[in-house]
Amino acid sequence: MTVPAFEEYVPASDCTCAGCAAQRRTAASALPLRYGGHPAAHGARRALVLVTAVGVVLSAGVAEAASAPGDRAAEAAGAARTDETTVSVDPEVPADEGDPLTPADRDPDSPQGGPGPLRGTGASGPPSSTGTTLRKTSRAAIINRAKKWVSAQVPYSMSKYWSDGYRQDCSGYVSMAWNLPGNEWTGSLAKYGKKIAREKLQPGDILLFHNPANPAKGSHVTIFGGWTDYTHTHYTAYEQTKPHTRKQTTPMAYWTNSGKYVPYSYKALSSGSSSGSGGGVSTKAFPGAGQFGPGTSNTYVTQLGKMLVDRGGKRFYKAGPGPGWGDADRRATQAFQKAQGWKGKEADGIPGPHTWRHLANGTGRDIPATGSGQGDSNSASKFPGRGYFRPGQSNSHVDKLGKQLVKKGYGKHYLSGPGPRWTEADRRNVEAFQRAQGWRGGAADGYPGPETWRRLFA
């Protein structure tokens, strides 16, 4: 008889014997090992093919016997089916939240380079070393620097360097945000910070996991951007991971190895600037409304101006900021207050405790980059209503939404436009933005709601 030719793993697709049929069922449903498939199922698959080959070669009678009870091929097929049922769903992914989290969400898979100097056109400063004097910076400045890479969608790379000289991996990103004089890695970042308790985390701090057993696998670091709920179970994480820099809601402390992430605060956080009399100005405690307004001149006014500049208020100052209160201080303060959605006396241009706390801690919304600063953010941040964003709708709100999506880096589905007519491209771009916030299921359906609108225009 003619012996048929067999493929090494996959037998002929038209073979009708029991072993081949069972193998095809297994292949159709088994997951690859790299996505969580059970090794036993793959072993059973190989066994089924070998048994099938033997059955056909020896005789047609043996092939017919393959379907009888107790046959090895049938047992292997049963084992494969049993193994298929043991593939478990990731307990971190609730069954009712739509698509499961991608592997990138659960495992950063972000190898990194080692300590070294800055590189490229932005390179400045000496190589990293333990004795290097740390540069002073504020929490607001750290978050501001982190946002620049998010806006630029800096591609992840452990060997390339961005225009500012910092390496495009997770530790290079933190080195940039902390304004370190060189590129560090997860094994050296801790020496630039002081360990703190998780409940003490504030914007600009980091959550660091260094895996000494295998530093290239699992080691990662994120920048803490603030709590997203009162239970302190989720936070806004700024991180550099594949495919590019992202900002999204993340479970405390991360998707994997959560208990191994250690919080650190930068050692050289500035607590204020010196006054002419040698006294310090604390950026934490609000000095009182009496320190601000027409006729006042003190170091608190200077500090206020510097914090406003860090949050997008530079355009209001033709010179300074300085100790003498001026109209630039009032307008910049008012623009920041209106960016938070405040109105009336809450946005009168004189800082109060809430204004000061947001500025000192780097929280709240930045001053928008466009407009006069006099109410320009309020109209953009006010959600017009869900009815404007549905199939068949055509209005200026859709056009504004599309332009803001493009500005934020979420316009890849537009083949032309954006424009005033609502299209599937608008919906898919909104969905991409929502998923970048860490939302799933109905919260990422591609139709903007008040929170999507607020974050998009923040």
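The values are calculated or read from the model by the stated rules, or taken from the named source; none is laboratory data. The structure displayed is predicted, hence computed values, not measured ones. Every residue, glycine as well, gets a Cβ built from its backbone with ideal geometry; the counts of neighbours run over all protein chains shown. These area figures cover heavy atoms from the full protein model, side chains too; ligands, DNA and RNA do not enter into them. Shrake-Rupley method; radii C 1.70, N 1.55, O 1.52, S 1.80 Å.
For region 221-249, give me the residue count where each residue is assigned to a strand (DSSP E or B) and closer than 16 Å to ALA146 by Cα. Walk me through it before giving the result.
From region 221-249, those assigned to a strand (DSSP E or B) are 221-227, 234-240, 244-249; that's our starting set.
Pick out the ones that are also closer than 16 Å to ALA146 by Cα and you get 221-226, 235-240, 244-249.
Adding up the residues that qualify gives 18.
Could you please tell me which pairs satisfy a Cβ distance under 9 Å, a separation of 6+ or placement on different chains, a first residue in region 326-350 that is free of Cβ contacts under 8 Å to residues at least 12 places away in the same chain and part of a helix (DSSP H, G or I), and a second residue that is buried (at least 17 other Cβ atoms within 10 Å of the Cβ) and among the β-branched types (Val, Ile, Thr)?
These pairs meet every condition: GLU346/THR355.
Restricting to region 232-245, and then to whatever is in contact with a helix residue (DSSP H, G or I) (Cβ under 9 Å, 6 or more places away or on another chain) and buried (at least 21 other Cβ atoms within 10 Å of the Cβ), can you tell me which residue is farthest from ARG455 (Cα to Cα)? Don't jump to the end; show me each part of the working.
The first filter runs over region 232-245 and keeps only residues in contact with a helix residue (DSSP H, G or I) (Cβ under 9 Å, 6 or more places away or on another chain), leaving 232, 238-245.
Filter again for buried (at least 21 other Cβ atoms within 10 Å of the Cβ), leaving 238-240, 245.
Details: TYR238: 15, GLU239: 18, GLN240: 20, THR245: 17 Å.
Ranking the candidates gives GLN240 first.
If you check ASN214 against the conditions, is it out of contact with any helix residue (DSSP H, G or I) (no Cβ under 8 Å at 6 or more places or on another chain), in a loop (DSSP other than H, G, I, E, B) and either free of Cβ contacts under 8 Å to residues at least 12 places away in the same chain or closer than 20 Å to GLY362 by Cα (or both)? Lay out the reasoning, then the answer.
Values: out of contact with any helix residue (DSSP H, G or I) (no Cβ under 8 Å at 6 or more places or on another chain): yes; in a loop (DSSP other than H, G, I, E, B): yes; either free of Cβ contacts under 8 Å to residues at least 12 places away in the same chain or closer than 20 Å to GLY362 by Cα (or both): yes.
Yes.
Before we move on, is THR241 touching a Cys at 6+ places or on another chain (Cβ under 9 Å), closer than 16 Å to GLY116 by Cα and polar (S, T, N, Q)? Full working, then the answer.
On the way: touching a Cys at 6+ places or on another chain (Cβ under 9 Å): yes; closer than 16 Å to GLY116 by Cα: no; polar (S, T, N, Q): yes.
For THR241, the condition - touching a Cys at 6+ places or on another chain (Cβ under 9 Å), closer than 16 Å to GLY116 by Cα and polar (S, T, N, Q) - is not met.
Any residue in region 425-443 that is among the small types (Gly, Ala, Ser) sitting within a Cβ distance under 7 Å of a residue that is part of a helix (DSSP H, G or I)? List the pairs, counting only those 6 or more apart or interchain.
Cβ pairs passing all conditions: ALA443/GLN434.
Report, by residue number, each residue of region 431-458 that is of a type in the set (A, V, I, L, M, F, W, C), surrounded by fewer than 20 Cβ atoms within 10 Å (Cβ to Cβ) and assigned to a helix (DSSP H, G or I). Spell out the reasoning first.
Within region 431-458, the subset of a type in the set (A, V, I, L, M, F, W, C) is 432-433, 436, 439, 443-444, 453, 456-458.
Subsequent filtering for residues that are surrounded by fewer than 20 Cβ atoms within 10 Å (Cβ to Cβ) retains 432, 436, 439, 443, 458.
If the condition is that a residue be of a type in the set (A, V, I, L, M, F, W, C), surrounded by fewer than 20 Cβ atoms within 10 Å (Cβ to Cβ) and assigned to a helix (DSSP H, G or I), then ALA432, ALA436, ALA443 are the ones that fit.
Provide a single number: the residues in region 246-261 that are open to solvent by 60 Å² or more (accessible area, probe 1.4 Å) and touching a Phe, Trp or Tyr at 6+ places or on another chain (Cβ under 7 Å). Walk me through it before giving the result.
To start, the set of residues in region 246-261 that are open to solvent by 60 Å² or more (accessible area, probe 1.4 Å) comprises 247, 257, 259-260.
Filter again for touching a Phe, Trp or Tyr at 6+ places or on another chain (Cβ under 7 Å), leaving 247, 257, 260.
Of the residues in that region, 3 qualify.
Pairs needed: first member in region 112-137, open to solvent by 70 Å² or more (accessible area, probe 1.4 Å); second member anywhere, modelled with pLDDT under 50 and not aromatic (Phe, Trp, Tyr); C-beta distance under 9 Å; at least 6 residues apart or different chains.
Partner pairs satisfying both residue conditions: PRO115/PRO127; PRO115/SER128; PRO115/SER129; ARG135/GLY125.
Among (1) modelled with pLDDT of 95 or more; (2) open to solvent by 40 Å² or more (accessible area, probe 1.4 Å), where does TYR264 come up short?
(2)
Out of (1) under 21 Å from MET307 (Cα atoms); (2) modelled with pLDDT of 90 or more; (3) among the aliphatic types (A, V, I, L, M), the odd one out for LEU134 is which?
It fails just one condition, (2).
Enumerate the pairs (first residue in region 234-249 and basic (Lys, Arg); second residue anywhere and in a loop (DSSP other than H, G, I, E, B) and open to solvent by 60 Å² or more (accessible area, probe 1.4 Å)) with beta-carbon separation below 7 Å, excluding pairs fewer than 6 apart on the same chain, so at least 6 apart or on different chains.
Close Cβ pairs satisfying both conditions: LYS242/ASP109.
For region 414-430, how many residues are within 19 Å of ARG246 (Cβ to Cβ) and crowded, with 18+ Cβ neighbours inside 10 Å? Step through it out loud before you land on a result.
First, pick out the residues of region 414-430 that are within 19 Å of ARG246 (Cβ to Cβ): 428-430.
Filter again for crowded, with 18+ Cβ neighbours inside 10 Å, leaving 429-430.
The total comes to 2.
Kindly indicate which of SER372, SER381 is at pLDDT below 85 and either within 19 Å of the chain's Cα centre (by Cα) or crowded, with 17+ Cβ neighbours inside 10 Å (or both). Before the answer, list the steps.
Working: SER372 fails: either within 19 Å of the chain's Cα centre (by Cα) or crowded, with 17+ Cβ neighbours inside 10 Å (or both).
Exactly one of SER372, SER381 is at pLDDT below 85 and either within 19 Å of the chain's Cα centre (by Cα) or crowded, with 17+ Cβ neighbours inside 10 Å (or both), namely SER381.
Any idea which residue in region 297-337 is modelled with the lowest pLDDT, counting only those that are open to solvent by 40 Å² or more (accessible area, probe 1.4 Å) and within 18 Å of ALA140 (Cβ to Cβ)?
Selected residue: GLY320.
So if I check each of TRP227, TRP162, TRP185, which one is open to solvent by 40 Å² or more (accessible area, probe 1.4 Å) and touching a helix residue (DSSP H, G or I) at 6+ places or on another chain (Cβ under 6 Å)? First the steps, then the outcome.
Values: TRP227 fails: touching a helix residue (DSSP H, G or I) at 6+ places or on another chain (Cβ under 6 Å); TRP162 fails: touching a helix residue (DSSP H, G or I) at 6+ places or on another chain (Cβ under 6 Å).
Result: TRP185 is the single residue among TRP227, TRP162, TRP185 that is open to solvent by 40 Å² or more (accessible area, probe 1.4 Å) and touching a helix residue (DSSP H, G or I) at 6+ places or on another chain (Cβ under 6 Å).
Do we have any residue at all in region 199-209 that's closer than 26 Å to ARG365 by Cβ, touching a strand residue (DSSP E or B) at 6+ places or on another chain (Cβ under 8 Å) and in a strand (DSSP E or B)?
Quick first cut of region 199-209, residues closer than 26 Å to ARG365 by Cβ only: 199-207.
With touching a strand residue (DSSP E or B) at 6+ places or on another chain (Cβ under 8 Å) added as a condition, the list becomes 200-207.
From what's left, in a strand (DSSP E or B): 206-207.
Yes, the conditions are met somewhere in region 199-209.
Out of ARG167, ARG198, which single residue is basic (Lys, Arg) and open to solvent by 10 Å² or more (accessible area, probe 1.4 Å)?
Numbers: ARG167 fails: open to solvent by 10 Å² or more (accessible area, probe 1.4 Å).
After ruling out the rest, the residue left standing is ARG198.
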